[in-house]
Amino acid sequence: MDRDRGVAVRPARRARRSRADVSQALIDAAAALFAERGSGHVTVRDIAARAGVNPTFVHRYFGSKQNLMRAAMARAQERLVARIEEVPDVVEGAAAIVHATLQERQLITTLTRATLDGVFAGIPTGDPAMARLLERFRLEAASRGGEGRHDPRIVVACLSATTVGYALLGDHIRHGTDLDGLPDDEVEALMVEVLRDVARFAFRE
């Protein structure tokens, strides 16, 4: 009731969120929660509450929690693939790719939890970003007449293993290697330089 005018005042309606907005909110919420707890400890209601939507939207838009998990990981993979495509020279741009991968810690943590918990069959097979990176390195080898110091598959495996390991255990690794005193971003920058040198060694004479 407006006391000055003596008329009832209705509360303002919340703007309706579009399907795209709700879907993105669910994907973001799922990505964060799966990384924090693992899929087996996250419910549909947990995801909906974090996204600020009704739980029915999870089933309406994605069908199941597992499908939402797939969608969250696929979105992160799409970002990585796009970053790989932006790099004109995959060898010289290896540092940028590693850095972009380190920004996807939620994806890496989710993959790790899902694999260790055995709650999501098929993970981590069929990795689009890794497949595209391998394709780019193979093209680099072909441009050199099919030559190279190392098999592109091994190069990508080493880059991926190092990046994933550091993304998961960065604090432990910095402590064990006496790098605690350096800022995190400085350590990461130094690491990606080393990994770029690895890529250069593999494909440059």
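The values are calculated or read from the model by the stated rules, or taken from the named source; none is laboratory data. Predicted model only: the values in this text are computed from it and were never measured. Cβ: placed from backbone, ideal geometry, glycine included. Neighbour counts: every protein chain shown. Please note that ligands, DNA and RNA were not included when accessible areas were found on the heavy atoms of the full protein model with its side chains. Shrake-Rupley method; radii C 1.70, N 1.55, O 1.52, S 1.80 Å.
A few remarks follow.
- Between 0 and 90°, nearest 10: helix 19-37 axis offset from the chain longest Cα axis: 60 degrees
- Here the 3J(HN,Hα) profile of segment 75-84, calculated from phi with Karplus coefficients 6.51, -1.76 and 1.60 at θ = phi - 60°, is 5, 5, 4, 4, 4, 5, 4, 4, 5, 4 Hz, Gly and Pro shown as x.
- Atom-type composition of the exposed protein surface of segment 60-143 places 54 percent of the accessible area on carbon and sulfur (1.4 angstrom probe).
- Residues residue 194 and residue 135, FRET efficiency given R0 of 22 Å [Cβ-Cβ distance, rounded to 0.05]: 0.40
- Between residue 86 and residue 105, the simple label model (points 7 Å from Cα in the Cβ direction) yields a spacing of 2.0 nm.
- For the chain, the relative contact order works out to 22 percent when only alpha carbon pairs closer than 8 Å and six or more residues apart are counted.
- Between residue 161 and residue 179, the contour length at 0.36 nm per residue exceeds the Cα-Cα span by 4.5 nm.
- Under the simplified labelling scheme, the residue 16-residue 54 pair shows an inter-label distance of 1.2 nm, with each label point 7 Å from Cα along Cα→Cβ.
- Simple label model, 7 Å out from Cα along Cβ direction - residue 151 to residue 75, nm: 3.7 nm
- Phi-based couplings in Hz for segment 60-66 (Karplus 6.51, -1.76, 1.60; Gly and Pro marked x): 5, 9, 10, x, 6, 4, 5
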